[in-house]
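Colleague: One structure, as structure tokens, below. Some questions next.
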Amino acid sequence: MNLATQNGVATFDLHAYLEARTKQVNGFFEQWMASRSEGVLAQAIRHLLLPGGKRFRPVLAIAAAEAVGGRAEQALPIAAAVELIHTYSLIHDDLPCMDDDDERRGQPTVHVAYGEAIAVLAGDALQAMAFEVLTRRHEDVSIEALLATAHDLARAAGDLNLVGGQADDILFGADDVDAARLESVHRRKTAALIAVAIVGGARLAGADVLTLQRLQRFGECMGLAFQIADDLLDETSEEVCSSVRVLGVAAARARCEELLAQAFDEIAELGECGAALRALAEFAVRRER
Ligand code: GRG
């Protein structure tokens, strides 16, 4: 376990954990993408996928597998698949017909660098690639767990969650959004994908049903808190579904803390094995990027 010492007390070293697991995820993508073509579409995909962002979702999948006694390698299929869906959603979200953003992670967005048509296709390809990487042959992972995880990922990415949440986000006017509708959009647009990373990682590592149910609730609370923290980082945003616009800064902060406490409660049974997941949940709420 990654332990550091603070005032003589052992604490979880999140920095070292994030660095090691992110390296593992990046190594996986580098190797996997090396086997793809060198054409414009592959370049557009690489543009956002490599070197990538925080890799928060894949690291969560790995942490969940390890929390239930499994190994990082068992979680890699869902870790990679969720990151591919996340990457596609960012490419499409930046398009002129959606948020119309020119920059992401300090770089030109994919449509600025490669044109709108290629950006749409890069997103489409990434969505299919997610299921390709998840469902190929894996050692040490049961077919039943893979099938259930593929089903969960399809639900998290489709009309019921990611795309449905995005549609409501676009369709709602400022007067339509109260606290309940805000949370419903955030649940579907952000929390569902985070939860499927966690539950998928644990399921592929062989977790029992009760643990999976707890991890699902943990993921939902943490995913919601992650989105509120994101809104707090962008305090001046006029977005219709911004927590700061709908709730105000103080209430958004309070809700974030409440969700973090609830998330901790959900995985209390994991004890020391849940140290990485707790540290990641705390990071989701207190991060500065
Ligand atoms: C276009 C189908 C479709 C969906 C778009 C995910 C999404 C829905 C839009 C992206 C914009 C956004 C603010 C989404 C909420 C989720 C979120 C906080 C994304 C940012 O995730 P990070 O912080 O990003 O993990 P990095 O860059 O670190 O990967």
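Colleague: Might you let me know whether the stretch 97-111 holds any residue that is under 23 Å from Q24 (Cα atoms), within 14 Å of the ligand (Cβ to nearest atom), among the polar types (S, T, N, Q) and in contact (Cβ under 8 Å) with a residue 60 or more places away in the chain?
Modeller: no
Colleague: Taking the residues in the stretch 112-123 that are at negative phi and of a type outside the set (V, I, T) as candidates, determine which candidate is nearest to the ligand (Cβ to nearest atom).
Modeller: G123
Colleague: State all residues of the stretch 242-281 that are farther than 28 Å from D168 by Cα, in contact (Cβ under 8 Å) with a residue 60 or more places away in the chain and assigned to a helix (DSSP H, G or I); if no residue qualifies, say none.
Modeller: L270, E272, C273, G274, A275, A276, L277, R278, A279, L280
Colleague: Same structure, new question: Can you name the residue in the stretch 124-144 that is open to solvent by less than 80 Å² (accessible area, probe 1.4 Å) and of a type in the set (V, I, T) and is also nearest to the ligand (Cβ to nearest atom) among such residues?
Modeller: V133
Colleague: Any residue at all in the stretch 262-280 that is open to solvent by 50 Å² or more (accessible area, probe 1.4 Å) and within 16 Å of the ligand (Cβ to nearest atom)? Steps first, please.
Modeller: So in the stretch 262-280, the residues open to solvent by 50 Å² or more (accessible area, probe 1.4 Å) come out as 262, 264-265, 268-269, 272-273, 278.
Retained after the next criterion (residues that are within 16 Å of the ligand (Cβ to nearest atom)): none.
Taking every residue of the stretch 262-280 in turn, none turns out to be open to solvent by 50 Å² or more (accessible area, probe 1.4 Å) and within 16 Å of the ligand (Cβ to nearest atom).
Colleague: Would you please name the residue that is farthest from the ligand (Cβ to nearest atom), looking only at residues in the stretch 145-185 that are in a helix (DSSP H, G or I), closer than 19 Å to A197 by Cβ and open to solvent by 70 Å² or more (accessible area, probe 1.4 Å)?
Modeller: The qualifying residue farthest from the ligand (Cβ to nearest atom) is L147.
Colleague: Across the stretch 191-241, what is the total count of residues that are surrounded by fewer than 24 Cβ atoms within 10 Å (Cβ to Cβ), modelled with pLDDT of 95 or more and among the polar types (S, T, N, Q)?
Modeller: The number of residues fulfilling the criteria is 3.
The values are calculated or read from the model by the stated rules, or taken from the named source; none is laboratory data. All of these numbers come straight from a predicted model, not from anything done at the bench. No Cβ is skipped: glycine too gets one built from the backbone with ideal geometry, and neighbour counts run over all protein chains shown. Ligands, DNA and RNA are excluded from the accessible area calculation, which covers all protein heavy atoms including side chains. Shrake-Rupley method; radii C 1.70, N 1.55, O 1.52, S 1.80 Å.
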